Amino acid sequence: MLNIALFGPPGAGKGTQSEFLIKTYNLFYISTGDLLRKETANKSKLGLEAQGIIASGGLVSDEIIVQIIEKTITDHSDANGFLFDGFPRTYIQAYILEGLMLKLHTSLDCLISLAVPEDESVSRLLKRGQSSGRSDDNETVIRNRLKEYNEKTLPVLQFYKDKGIFHEIDGTKSIEEVNLDVTKIIKNELSKKLFNIVIFGYPGSGRGSQGKAIAKKFDLEYVATGQMLEREIASGSPTGKKILALYESGQLVPDEIVVQLIERKIENSKDVKGFIFKGFPRTLVQSYILDGLLRKHGSQISKIIEIEVPTLELINRLDERSKTTNCMPYDNSTAKIVKRLQEHETKTVPVIEKYNQLHEVVKVSGLGLFDEVFERISIEVEKAIKSMR
Ligand code: AMP
């Protein structure tokens, strides 16, 4: 998700810049001013309460703002991101926004302030007043709106300076120039965002070989927990020895160990564009772990792909593989193959179902040549990258 707040005094050009940003970055636009005007036009209880305050140029109470904004945000939780215009306007609203973003497991990426001197604001608003039809675009009300801005809204900037996500732009420049400045900030923000894929599929679906190839093509770090455990054993580290002992006694490797390994991998992978996870999460518990791990690093899952292959074809492929040098110790007998397929069915399918309710899981057919499947997956990944940028 990409979440941006546009900040600035009335008449700074927030609305104008918003039009471009919504289209370019496919964002859901939230203007508290527009939402309030809609409530007023519909003569709703909230609208009637707000009407007089808006007409005088004052700020509507934070209670009213929470009510109108919370529903709009939660109703569009699947948006690509939000663009806030005219919100947060008070210090309290800055906290409200933090809470709302947290609820959606996301956060505000940047606040862009369009700096415009008071006289320029007034003259722009008076000009707009000739055609806007807005009763609050007249000089007395404009002066009051600016007074409210200076007293209640400007202090909000400190909140975002402290968070390190505040950016200021000279709003007196031409629309095109401001546009370029805003885009520069957003591009920089996007380049810092990790792109994370989870690739699902039954054993034999090709998720490992496809995952590796996709990682290479899109410059992502490939995280395969099975492989990581093997490497740890080979390294002879104390954790490796523990894993080996568990393997030898036929026990499962506890999540604590897997988490440690993934965490280390994320921490050691500086300057990467993102991760592709294969073989993790395998259980519902691990799905919560992955969400938590990514969240801890200010990130989240960007795309979930499931490679679909009919069961008989899977058995056929695993059986074929068992006769080659690529045979894994865990598919050298029919009984083991069936057990792995069952494990996926009972433990991992519920994880895919859970994700399907939260995010969209894109299903890709795993039938055909390797390159054909690779092409299908690549198209989906490209689409997801595009929607992020
Ligand atoms: P705008 O369209 O953003 O210029 O807002 C018009 C008027 O709506 C403001 O002058 C306020 O009276 C009210 N308003 C809009 N957003 C907020 C907000 N976040 N907090 C309080 N009042 C608001």
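The values are calculated or read from the model by the stated rules, or taken from the named source; none is laboratory data. Quantities reported herein were computed from a predicted structural model and do not represent experimental measurements. Here the Cβ is made from the backbone with ideal geometry for all residues, glycine too, and neighbour counts use every protein chain on show. Ligands, DNA and RNA are excluded from the accessible area calculation, which covers all protein heavy atoms including side chains. Shrake-Rupley method; radii C 1.70, N 1.55, O 1.52, S 1.80 Å.
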Take Ile307 and decide whether it is modelled with pLDDT of 95 or more, open to solvent by less than 90 Å² (accessible area, probe 1.4 Å) and in contact with a Ser or Thr (Cβ under 7 Å, 6 or more places away or on another chain). yes
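To keep it simple, each residue is scored yes or no on (1) open to solvent by less than 40 Å² (accessible area, probe 1.4 Å); (2) more than 10 Å from the ligand (Cβ to nearest atom).
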{"site": "Lys43", "(1), (2)": "no, yes"}
{"site": "Gln51", "(1), (2)": "no, no"}
{"site": "Gly57", "(1), (2)": "yes, no"}
{"site": "Val60", "(1), (2)": "yes, no"}
{"site": "Lys71", "(1), (2)": "no, yes"}
How many of the residues making up segment 1-17 are within 11 Å of the ligand (Cβ to nearest atom) and of a type outside the set (A, V, I, L, M, F, W, C)? 6
Report whether or not Lys152 is open to solvent by 60 Å² or more (accessible area, probe 1.4 Å), within 13 Å of the ligand (Cβ to nearest atom) and in a helix (DSSP H, G or I). yes
In this structure, does Ile64 turn out to be near the ligand (Cβ under 9 Å from one of its atoms), open to solvent by 50 Å² or more (accessible area, probe 1.4 Å) and aliphatic (A, V, I, L, M)? no
In segment 250-308, which residues are touching a Leu at 6+ places or on another chain (Cβ under 6 Å) and at positive phi? Gly274
Condition first: within 10 Å of the ligand (Cβ to nearest atom) and surrounded by fewer than 16 Cβ atoms within 10 Å (Cβ to Cβ). Can you find one or more residues in segment 24-39 that meet it? yes
Residue within segment 166-173 that is farther than 21 Å from Asp109 by Cβ, surrounded by 18 or more Cβ atoms within 10 Å (Cβ to Cβ) and over 31 Å from the mean Cα position of the chain (by Cα) present: no
Going through segment 256-279 one residue at a time, which ones are surrounded by 17 or more Cβ atoms within 10 Å (Cβ to Cβ) and either assigned to a strand (DSSP E or B) or acidic (Asp, Glu) (or both)? Gly274, Phe275, Ile276, Phe277, Lys278
Search result, residues across segment 75-121 that are buried (at least 20 other Cβ atoms within 10 Å of the Cβ), over 17 Å from the mean Cα position of the chain (by Cα) and not in a loop (DSSP other than H, G, I, E, B): Asp85, Gln93, Ala94, Ile112, Ser113, Leu114, Ser121
One residue is enough: does segment 334-355 have a residue meeting the conditions β-branched (Val, Ile, Thr), assigned to a helix (DSSP H, G or I), closer than 30 Å to Leu83 by Cα and without any contact (Cβ under 8 Å) to a residue 40 or more places away in the chain? no
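I need the full set of residues from segment 1-23 which are open to solvent by 30 Å² or more (accessible area, probe 1.4 Å) and in a loop (DSSP other than H, G, I, E, B), in order please. Steps first, answer last, please.
Residues of segment 1-23 open to solvent by 30 Å² or more (accessible area, probe 1.4 Å): 1, 15-16, 19-20, 22-23.
Within segment 1-23, just Met1 meets the criteria.
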Would you confirm whether any residue within segment 134-143 is away from the ligand (no atom under 13 Å from the Cβ), part of a helix (DSSP H, G or I) and within 30 Å of Gln357 (Cβ to Cβ)? no
